[in-house]
Amino acid sequence: MLNSRARSHRGLRSGREASRQELVSRSLQSAQHCLENQDFGTAYAHYLLVLNLAPELKNDVKETFQYTLFKWAEELDSLARIQDLFNCYEQALELFPNDEVICNSMGEHLFRMGFRDEAAGYFHKAVKLNPDFADAKENFYRVANWLVERWHFIMLNDIKRNLTYQKAVEKMVHSGCKSVLDIGAGTGILSMFAKKAGALHVYACELSKTMYELASDVITANNMEGEIKLMHMKSLDLEIPKHIPERVSLVVTETVDAGLFGEGIVESLIHAWEHLLLQPKVGDPKNNDVSFEDYGQVIPAGATVFGMAVECKEIRRHHRVGIQEVASVRLADTVEFCSPTHASVNSEETLEPYTTEKLSRIPGGYMPLTEPFQVMTVDFNNLQELKNLATRKPCKISVPITRGGLLDAVVVWFVLHLDDEHTLSTSPSEETCWEQAVYPVQGLLDYSRKPGDIVVLEVSCQDCYLRIQKISVSPSECRMDVERENTPALGNEAELCSALASLQTASKLDRVGCECVLESTEIALLNNVAYHECFKAAISKVLSSFSSNTELQSMDVDGSERNLGESQNKDSLQTSTDPFYILDVSEGFSILPIIAGKLGPVKAYSSVEKQQHQIALNIISEANHFPKETLEFWLSHLTDESSVLQRPKSDKLWSIIILDVIEASGLIQQEVMEKAAISRLLGCG
């Protein structure tokens, strides 16, 4: 009886095995048939079934499965079925978790879709799986150039910065700080300083996936992978005991930018003091007889921020429009052009209120108009002071001009106090990896200053940014030293200075009807008279040639035609019954369509998208007495961006398409070049 049951079970197993093999065989045949018919989705489904039923066939079907996956992924991408695409890759990586080709392909899709951090992780994994995989290495280096900011390398090469931090960390560890948390670890160098100094427990967190992977490699290369716990997460998400067993005695960080607070150091240290650090030591902080083992401490311990008003032609060129007319086009007085740093004052978005420059290397140099003055101090070991920063009322500072010149910007730097002994300065006079924060001065009636005039500015720390705004100037008759509104010494004199200084700003605002925010590169381009004169000459030459030819020939106008002379012949142009259709597809704000409109019977189309840019161009057109129909905004006529270069009328072709293909760096803009190629097929006659 038992033998018959055993035979029956063997028979069932044998039958199931035969059925499985038959299903696998049929599925393989179906998959092959689907591939021949380019039905990649169905083929992919068949291969999934085969690999789940017969894992032993993985090596046999691996290459064909990869090919099917990649082809099906291309189809899904073209259909914008992004989630299905990623689901397919996740299924594939469950079957082939250590396949470098699939990892690399997944990374390529992520990179194209803008998920560069995630893409870097897959490229890095592919390189680890196969260090000789050339495609993965090239992809990883490419995405690393996107994600690893250049300043990481500059900082690592700053020997003074590294040695100073190392000495400060060693001092604290030797004083008793045995557990250390590195916030914003970057490459992990501060964590390794702590471990080498003798810290018993070292933890590090890094949000960037790329930098986390890089730090992992650096720590492993230094044989510390088992001694430093590196976590890919924000410090604000760290919990005790989930991620760290207990509070630490030392936090080290360099999450500061040129404006000190822009990398979120205040927010992260408030969280650290409340949730991750031991309580601070009470008493004299310079008393080295007391061990730090039972107390919390932060490196850097604090900072002092300094400022200085400067004249600088390069900053002015990028943040103020300094001309009233360009290529015979008058810029309307009622349009106020400003850069995003100025617009951030009234913006609802959290915009960085400054730009950055390495003043010691800025083209044309700079000239100080004031002595350096102290803007503020901050103690990173004082929780209450950190909390008060964001809620503190704005502080007004008044500084005397000591040297006459044009007031172009207030420049800010800081001294980082790592402890009571070690400091790092980002001053323009220091050889350092740091740039300085630049607050361009905009919105004044007169920027020319003489010794004795008073610069009045308002300082605050809203949105965890150091903000220097409402910069104004009062005449030399209202003389005072550097003072602050909340000190008794100011009194009525300070109020008088502030009131006088605000008069010119108010009158300026009354005069302006439209504020137009341009990127600094757009302002610099608008200030470039030679650039616009060159385009004017080129457009004029082409229009003149059209007037003398019965068969119009289209051509692209490129900014490289630098030596063309202006050869206008308006009388001959006026004889044309139909206007010439001109399309400007330059990137960003451009007045080239208006310049073209002054050269004859032209119907100009601008491709600017921002509404405030369109309003500004309309105002400028009206100021130059253009008929309303002279200028139109081409994108507003389109429902499909792909038709941007098609003709304006079914029976008319573009006479000229203006393309500015050269970036400020000298590189050719690939996307604009592609537009140029398409335009020859779609737009020109």
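The values are calculated or read from the model by the stated rules, or taken from the named source; none is laboratory data. Because the structure is a prediction, the values reported are computed rather than measured. Note: ideal-geometry Cβ built from the backbone for every residue, glycine included; neighbour counts use all protein chains shown.
Observations
- Qualifying residue in the stretch 322-339 (condition: on the phi > 0 side of the Ramachandran plot and crowded, with 18+ Cβ neighbours inside 10 Å): yes
- Of all residues in the stretch 189-244, those satisfying the criterion of being polar (S, T, N, Q) and either surrounded by fewer than 23 Cβ atoms within 10 Å (Cβ to Cβ) or out of contact with any strand residue (DSSP E or B) (no Cβ under 8 Å at 6 or more places or on another chain) (or both) are Ser208, Thr210, Ser216, Thr220, Asn222, Asn223.
- Looking across the stretch 6-30 at every residue that is of a type in the set (A, V, I, L, M, F, W, C) and modelled with pLDDT under 90, the one that is surrounded by the most Cβ atoms within 10 Å (Cβ to Cβ) is identified as Val24.
- Scanning the stretch 67-118 for residues that are among the β-branched types (Val, Ile, Thr) and either within 28 Å of the chain's Cα centre (by Cα) or not assigned by TED's automatic domain parsing to the domain that holds Glu36 (or both) returns a single hit, Ile82.
- Any hit, the stretch 96-107, residues being surrounded by fewer than 17 Cβ atoms within 10 Å (Cβ to Cβ) and part of a helix (DSSP H, G or I): no
- Where a residue in the stretch 42-61 is modelled with pLDDT under 90 and its partner, wherever it lies, is exposed (fewer than 15 other Cβ atoms within 10 Å of the Cβ), with Cβ under 6 Å and at least six apart: Leu53/Arg20
- Contact annotation: residue pairs with Cβ atoms under 7 Å, 6 or more positions apart or on different chains, pairing a residue in the stretch 447-460 that is in contact (Cβ under 8 Å) with a residue 12 or more places away in the chain and in a loop (DSSP other than H, G, I, E, B) with a partner that is surrounded by fewer than 23 Cβ atoms within 10 Å (Cβ to Cβ) and among the basic types (Lys, Arg), are Pro451/Arg403; Gly452/Arg479.
- When the stretch 40-57 is limited to residues that are surrounded by fewer than 19 Cβ atoms within 10 Å (Cβ to Cβ) and farther than 15 Å from Leu95 by Cβ, the one that is nearest to the chain's Cα centre (by Cα) turns out to be Gly41.
- Failed item, numbered, when Pro475 is tested on (1) in contact (Cβ under 8 Å) with a residue 40 or more places away in the chain; (2) touching a helix residue (DSSP H, G or I) at 6+ places or on another chain (Cβ under 7 Å): (1)
- Output for the stretch 76-122, where each listed residue is of a type in the set (D, E, K, R) and in contact with a Phe, Trp or Tyr (Cβ under 6 Å, 6 or more places away or on another chain): Glu100, Arg116
- Here is the figure for the stretch 381-400: residues that are part of a strand (DSSP E or B) and not aliphatic (A, V, I, L, M) total 4.
- Filter pass, Val173 being at pLDDT 90 or above, crowded, with 20+ Cβ neighbours inside 10 Å, among the β-branched types (Val, Ile, Thr) and outside the structural domain of Trp434 (by TED's automatic domain parsing): yes
- Check on Lys393, under 30 Å from Ile189 (Cα atoms) and surrounded by fewer than 22 Cβ atoms within 10 Å (Cβ to Cβ): no
- Of the residues making up the stretch 303-338, those that are closer than 23 Å to Gly404 by Cβ, in a strand (DSSP E or B) and not β-branched (Val, Ile, Thr) are Phe306, Gly307, Met308, Ala309, Glu311.
- Put simply, of Glu349, Glu431, Glu458, Glu371 the only residue that is under 30 Å from Leu250 (Cα atoms) and either surrounded by fewer than 20 Cβ atoms within 10 Å (Cβ to Cβ) or modelled with pLDDT under 90 (or both) is Glu431.
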